[in-house]
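Presented below is the structure to which this report refers.
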Amino acid sequence: KALRFQQGNAQDLVPQTFAPNTFDIYTISFGLRNVTDVDKGLAQAFEVLKPGGRFLCLEFSHVPQPQFQQLYDLYSFHMIPTMGQLIANDRDSYQYLVESIRKFPKQEDLQARMEQVGFQSTKYTNLTGGIVAIHEGYKPL
């Protein structure tokens, strides 16, 4: 069976776009942070997954080590918007990027919210010292 990608509004998937219990895997990368209601987005992901289905989310996250966090903050708040201005002539979008990352739930909080909507066997894996994390969970059989 061929792999098939679908896209839709993460907060409004059922029944407008997809039927419940449709997908084996649901992935979202660097997008959950931009969903207005994260909990609704998680609930919709849960609903469109088949029982036993896997949820995977790659998202910017929070650096747990204080010294690395200070260095990352310095880079994020000063270098990223400046590079956005120089390369894309768009400082504001890159400033928003940095601010939205800081407002997004910490790894443990997002994991708890996944569990609140019903995901089981949840976990997260920090990458690049926690700058990004992969969150995963399963819809029970």
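The values are calculated or read from the model by the stated rules, or taken from the named source; none is laboratory data. Everything numeric here is computed off the predicted structure, so don't read it as measured data. Heads up, the Cβs are rebuilt from the backbone with ideal geometry, glycines too, and the neighbour counts pull from every protein chain shown. The protein model used for the area step is the full one, side chains on, heavy atoms only, and it has no ligands, DNA or RNA in it. Shrake-Rupley method; radii C 1.70, N 1.55, O 1.52, S 1.80 Å.
Counting only residues that are free of Cβ contacts under 8 Å to residues at least 24 places away in the same chain and farther than 18 Å from I28 by Cα, give me the helices (runs of 4 or more DSSP H) lying completely in the stretch 39-118 with at least 2 of them.
Here the list reads 66-74, 80-88, 91-103.
If I filter the stretch 15-48 down to residues being open to solvent by less than 70 Å² (accessible area, probe 1.4 Å) and in contact with a Ser or Thr (Cβ under 8 Å, 6 or more places away or on another chain), which single residue comes out as farthest from E115 (Cα to Cα)?
Ranking the qualifying residues of the stretch 15-48, first place goes to R33.
Give the residue, chosen from D24, D37, D73, D109, that is acidic (D, E) and in contact with a Gly (Cβ under 9 Å, 6 or more places away or on another chain).
After ruling out the rest, the residue left standing is D24.
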